[in-house]
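Structure, as structure tokens:
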Amino acid sequence: MSKMILPLCLTLAVATSCATETSTTSTESIGRVPRALVAMYDEGIPDGMIELELDRDGGILEMEVDIAVEDLPDAVRDAAMKRLYGGRIIGAEHEMKAGLESWEVKVFHRGRHWEIVADATGRIHETEMELARTEAPEHILQAADRELPGGEFVSVEMIENDQGIEYHVKKRRDGGSYKIVLRRDGSLHRKVREAQAEIEIPLAN
């Protein structure tokens, strides 16, 4: 049975495995998701994740799926290794958002986790760098606590993309997982709760 991680607000994360069950109750559709989501389900590694970022109206802003490292385009892999020379690739994702198809390379480099996002030509659009709590700007940590009071700090990343720099702060509170996305000045971009859900799609063969 497939597993899905479903953030309540803006992100939908799906952990997939091969579904072997089919409905015995009703096959009538109550709506549709993009065909690309089904393709991603088939493309993903069996124990991987699918993540969707949604707006409050249900619009899908971004989709990601864990893929095998060997399925990365050569140009993407080469760009990541050039940026983080000597690093070790530990994972990969295929991503889709409006107007851009890209791949994310997860790299362990000099004791730190990185994520490099590049398109099929090897052009890097985003880098994500793991920070220790002591490395994060204090005003960012304070802003995260202000936006989501209480709970336990989990991690913080610095994101650099075509729009500039932002920070992702993750916390746990009341058993839930939350992500607070902050601009460089500490102002809120968005905040989400990552809740669990489940997805089942008939196998292609």
Summing -39500 (n - 2.57) over the DSSP H runs of n ≥ 4 in the chain and dividing by its residue number, what mean residue ellipticity at 222 nm do you reach, to the nearest 500 deg cm²/dmol?
-4000 deg cm²/dmol
Under the definition of Cα pairs under 8 Å and six or more residues apart, what whole-number percent is the relative contact order of the chain?
21
Once the dipole of segment 39-166 is set up from charges on Cβ (+1 Lys and Arg, -1 Asp and Glu), the residue from the list Ala143, Gly111, Val69 lying farthest towards its positive end is Gly111
Under 15 Å from the Cβ of Ala204, count the other residues' Cβ atoms, weight Lys and Arg +1, Asp and Glu -1, and hand me the total.
-2
Straight distance only, please: which aspartates and glutamates reach the Cα of Lys171 with their own Cα at less than 17 Å, same-chain residues fewer than 8 apart left out?
Glu130, Glu135, Glu138, Asp145, Glu147, Glu152, Glu157, Glu194
Over the Cα atoms of segment 44-90, Rg to Rh with Kirkwood Rh, two decimal places?
1.12
Once you have a ≥ b ≥ c as the square roots of the Cα gyration tensor eigenvalues for segment 102-203, tell me rounded if a/c is under 1.5, and otherwise prolate or oblate according to whether a/b is larger than b/c.
oblate
Total charge dipole magnitude, the chain, about the Cα centre, Cβ charges on Lys, Arg, Asp, Glu only, Debye to nearest 20
640
With only alpha-carbon pairs counted, each pair once and no self-pairs, how large is the Kirkwood hydrodynamic radius of the chain in angstroms?
18.2
Are there chymotrypsin sites (Phe, Trp or Tyr not before Pro) in segment 67-141 that DSSP puts in a loop and that have at most 13 other Cβ atoms within 10 Å, and which ones?
Tyr85
Quick one: which residues, 5 or more positions from Glu62 or on another chain, have an amide H under 5 Å from its amide H? H modelled 1.01 Å from N in the peptide plane, none for Pro or chain starts.
Glu53
Taking a ≥ b ≥ c as the square roots of the Cα gyration tensor eigenvalues, with a/c under 1.5 meaning rounded and otherwise prolate when a/b beats b/c or oblate if not, segment 71-146 comes out oblate
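All of the numbers you see were taken from the coordinates with simple rules; none came from a lab. Values in this document were obtained by computation on a predicted structure and should not be read as measured data. Cβ: placed from backbone, ideal geometry, glycine included. Neighbour counts: every protein chain shown.
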